[in-house]
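Since the structure comes first, as structure tokens, the remarks are kept for the end.
The values are calculated or read from the model by the stated rules, or taken from the named source; none is laboratory data. On a predicted model such as this, the values are computed, not experimentally measured, just so you know. Cβ placement follows ideal geometry from the backbone for every residue including glycine, while neighbour counts extend to all protein chains displayed. With ligands, DNA and RNA removed, areas are computed over all heavy atoms of the protein, side chains included. Shrake-Rupley method; radii C 1.70, N 1.55, O 1.52, S 1.80 Å.
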Amino acid sequence: GDYSKEIAATNCDELDQLTASFNYMRERIQQVEKMRQELLANVSHELRTPLTSIRGFIQAILEGVVPEGDQEKYLKITREEVDRLTRLVQDLLDLARIKSGSIKLNKEPLDIGELAGEVATEFRLIAAAKSITVETDEGLVISGDRDRIRQVMINLLSNAVKYTEQNGHIQIRVRREGGQAVLKVRDNGAGIPETELEHIFDKFHRVDKSRDAATGGTGLGLAIVKELVELHNGSAAAWSAPGKGTEITIELPLVGSADQGN
Ligand code: ADP
């Protein structure tokens with residue numbers, strides 16, 4: 001049908017109500033369609049950019065424009081771009097699976113403080129000069145998919161590592177608050193301007209295009225975090241003081257609490 005046109009109100013109450021909800025639905029459909037188009041444009045752009053640069057490097061080597069001594073450097077950049085493309089495709093698949101509901105969660109009782117400790121230990125190996133501390137309450141058990149909750153923690157920690165300078169300090173805290181386990185990952189990095197905060201969980205939203213591109217991220221990490229946390233009946237929020245640091249908070253219902261779901 002043609003729902004592109006707004007319907008005018010009449011002087012009958014019920015018809016007016018129908019008209020109002022029809023117009024509301026028409027607007028929503030248009031919004032959703034616009035978002036779909038934007039996402040598609042974003043995906044195409046994000047996939048094409050690394051492909052273009054990979055092709056460029058290969059072409060330059062084939063044409064003999066690159067001195068022999070520089071070829072290894074070029075090949076390494078090409079490999080990094082391929083790796084980033086691989087991460088991007090993986091992230092897109094993850095998001096699509098979550099959105100379509102085809103992801104299957106293997107929920108089991110999960111001590112989230114313990115898991116945070118494990119993930120932190122792994123990160124200390126790659127975070128070099130950056131310090132990572134963990135403080136947790138004991139016995140905070142949620143009903144969660146271990147691999148997915150790990151992924152949430154990994155995404156948050158890799159951001160904290162990516163967006164802090166050398167000697168950065170990253171603090172993980174896991175606390176009980178009412179029926180919730182509250183996980184906070186705080187860093188003392190560049191921070192996020194207040195106007196950007198509400199967008200950082202959006203797909204492909206990156207605060208500083210040039211800085212963030214250099215980190216090799218995909219712009220999908222926090223979107224995945226949000227979706228996974230919501231699949232566990234939880235929520236995600238961000239706080240930041242620009243120049244001082246960022247804190248991402250995840251809340252997940254504890255086993256036995258009313259809003260735990262299944
Ligand atoms: P990316 O792959 O770009 O890191 P994310 O979805 O993980 O994508 O994050 C979205 C954007 O939010 C990042 O590009 C960055 O601008 C900002 N951001 C996320 N975490 C932090 C942080 N700890 N400190 C500063 N900025 C951050």
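The table below gives the values:
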item	result
Test item: Cα-centred dipole of the chain, Lys/Arg +1 and Asp/Glu -1 on Cβ, debye	540 debye
Solvent exposure of segment 133-203 as accessible area per residue, Å², 1.4 Å probe	48 Å²
Lysine pairs within segment 144-262, Cα separation less than 17 Å, 8 or more sequence positions apart or different chains	6
Where GluC sites (Glu not before Pro) fall in DSSP loop in segment 26-64, at most 13 other Cβ within 10 Å	GLU63
Order of exposure, largest accessible area first, which applies to ARG175, ARG79 with probe 1.4 Å	ARG79, ARG175
Max mean-square fluctuation residue, GNM over the chain, Cα-Cα springs under 10 Å, options LEU220, LEU92, LEU39	LEU39
FRET E, pair ASP137, HIS169, Förster distance 22 Å, beta-carbon r, rounded to 0.05	0.55
Max mean-square fluctuation residue, GNM over the chain, Cα-Cα springs under 10 Å, options PHE123, PHE57, PHE204	PHE57
Most mobile listed residue (GLY245, GLY178, GLY217) in the chain, GNM with C-alpha springs under 10 Å	GLY178
Antiparallel content of DSSP bridges confined to segment 81-204, in %, to 5	70 percent
Theoretical gain in end-to-end length, GLU38 to TYR24 [0.36 nm per residue, Cα-Cα removed]	2.9 nm
Label-point gap, in nm, between ASP208 and LEU125 - each point 7 angstrom along Cα→Cβ	3.0 nm
The chain: relative contact order as a whole-number percent, Cα under 8 Å and 6+ apart	16 percent
Cross-link partners of LYS5 among lysines (Cα-Cα below 23 Å; sequence separation of 8 or more within a chain)	LYS34
Residue order for TYR24, TYR74 - accessible surface, 1.4 angstrom probe, largest first	TYR24, TYR74
Carbon and sulfur %, accessible surface of segment 143-262 computed with the full protein complex present, 1.4 Å	47 percent
Helix-only CD estimate at 222 nm, as mean residue ellipticity for the chain, using -39500 (n - 2.57) per DSSP H run (n ≥ 4)	-18000 deg cm²/dmol
Order of exposure, largest accessible area first, which applies to MET153, MET25 with probe 1.4 Å	MET25, MET153
Environment charge of LEU88, counting only residues whose C-beta is closer than 12 Å and scoring Lys/Arg +1, Asp/Glu -1	-1
Coarse-grained scattering of segment 159-262 at q = 0.15, 0.16, 0.22, 0.24 Å⁻¹, given as base-10 log I(q)/I(0) from a Debye sum over alpha-carbon atoms	-0.65, -0.73, -1.20, -1.34
Projected label distance in nm at THR52 and LYS73, using a 7 Å step from Cα toward the beta-carbon	2.3 nm
Quotient of Cα Rg and 2.2 N^0.38 Å for segment 1-103, N being how many residues it contains	1.91
Inter-part distance where segment 38-54 and segment 57-118 are each reduced to a Cα centre, Å	14 Å
Mean separation of Cα contacts under 8 Å, 6 or more apart, over the residue count of segment 152-259: relative contact order %	33 percent
Alpha-carbon Rg/Rh ratio, for the chain, with Rh computed the Kirkwood way	1.07
